Amino acid sequence: MLVTAIGLTGCTATQLPGVIPPAKEAPRAALPKPLFPIAPPEGPARRIVQKLTAHWPGREETLLCVLELDSRHIAMAGLTQDGLSLFNLSYDGKTLEADKNPLVPELVSPKLIIADLQLVYWPLAVLQKNLPKQLTLEAGPDFRRLSEQGKPRIEVRYLSTDTAWPRTVELTHLQYHYRLTIDTVSYEVVPE
C-alpha cells in the first residue's frame with residue numbers, strides 16, 4: 001500500500017508528538033514505549049490525513065500524519081514541511097516495521113504514535129482483548145481512560161462525536177507528560 005506524501009506544518013526533525021522532548025536529566029534508557037501491544041488492523045479500507053499537535057510544558061509542535069488502513073494492513077507516514085520523510089510505519093497484524101530518517105532523534109517513536117491513535121480510534125472490544133492484565137480501559141460516549149493498576153495513564157476526550165471517525169480528539173498522556181490534539185483533515189473510504 002503506497003502512502004501519499006504530505007508535508008508537515010511547523011515541525012522540526014527534533015520535536016514530534018508521541019515522544020518525550022529531550023531532557024538533560026533523562027537517562028538514555030528512558031525511551032517512551034506503548035503501554036499495550038499494537039492492535040490488529042481494522043477495516044474498512046480508509047485513507048486519513050490528520051493534523052497532530054503535541055503540547056509539552058512550554059512548547060507545542062504540529063505535523064501531518066497520513067494513515068492508510070484496511071483489514072490486513074496499517075501504513076503511517078510523517079514528513080517535514082519541506083517534504084523530508086521523518087518516519088514510516090507498516091503493520092500487518094504480525095510484523096511491525098518502522099523506519100526513521102537518520103536525522104530524527106532516537107526519542108521519536110512511530111510505534112507510540114500509532115498506539116495513541118489506536119487507543120483513540122480502534123473498537124473498544126479489540127483494544128480490551130489485547131490489554132495486559134494490569135491495564136484497564138474505561139469508555140463513555142465522549143471519553144476513554146487507560147489505567148494501570150487503578151492509576152490513570154492516558155485519557156482521551158472526544159471533542160466531536162462523529163460516529164465513524166471522530167474528527168477532533170484530545171489525548172493526554174499522564175505518564176509521558178504530553179497532550180496530543182488530533183484534527184482529522186480528510187477521511188476517505190477506499191476500495192479494498
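Take the residues in the stretch 133-192 that are of a type in the set (Asp, Glu) and at pLDDT below 90; name whichever of them is farthest from residue 62 (Cα to Cα).
First, the residues of the stretch 133-192 that are of a type in the set (Asp, Glu): 138, 142, 148, 155, 162, 170, 183, 188, 192.
Now drop any that are not at pLDDT below 90, which leaves 162, 192.
Details: 162: 23, 192: 31 Å.
Among residues in the stretch 133-192 that are of a type in the set (Asp, Glu) and at pLDDT below 90, the one farthest from residue 62 (Cα to Cα) is 192.
Tell me which strands (runs of 3 or more DSSP E) are completely within the stretch 113-192 and hold 1 or more residues being under 22 Å from residue 54 (Cβ atoms) and open to solvent by 30 Å² or more (accessible area, probe 1.4 Å), or say none if there are none. Working first, answer last.
Working: elements: 135-140, 143-148, 151-158, 168-173, 178-189.
In the stretch 113-192, the matching strands (runs of 3 or more DSSP E) lie at 143-148, 151-158, 168-173, 178-189.
What's the number of the only condition in (1) open to solvent by less than 10 Å² (accessible area, probe 1.4 Å); (2) under 19 Å from residue 68 (Cβ atoms) that residue 93 fails to meet?
(1)
Mind listing whichever residues of the stretch 53-97 are touching an Asp or Glu at 6+ places or on another chain (Cβ under 6 Å) and either among the hydrophobic types (A, V, I, L, M, F, W, C) or more than 20 Å from residue 121 (Cβ to Cβ) (or both)?
Once the filter is applied, which keeps residues that are touching an Asp or Glu at 6+ places or on another chain (Cβ under 6 Å) and either among the hydrophobic types (A, V, I, L, M, F, W, C) or more than 20 Å from residue 121 (Cβ to Cβ) (or both), the stretch 53-97 yields 54, 75.
Within the stretch 35-67, track down each residue that is open to solvent by 10 Å² or more (accessible area, probe 1.4 Å) and not in a strand (DSSP E or B).
The answer is 35, 36, 37, 38, 40, 41, 42, 43, 44, 57, 58.
The values are calculated or read from the model by the stated rules, or taken from the named source; none is laboratory data. None of the values given here were measured: they were computed from a predicted structure. Heads up, the Cβs are rebuilt from the backbone with ideal geometry, glycines too, and the neighbour counts pull from every protein chain shown. For accessibility, only protein heavy atoms count, side chains too; no ligands or nucleic acids. Shrake-Rupley method; radii C 1.70, N 1.55, O 1.52, S 1.80 Å.
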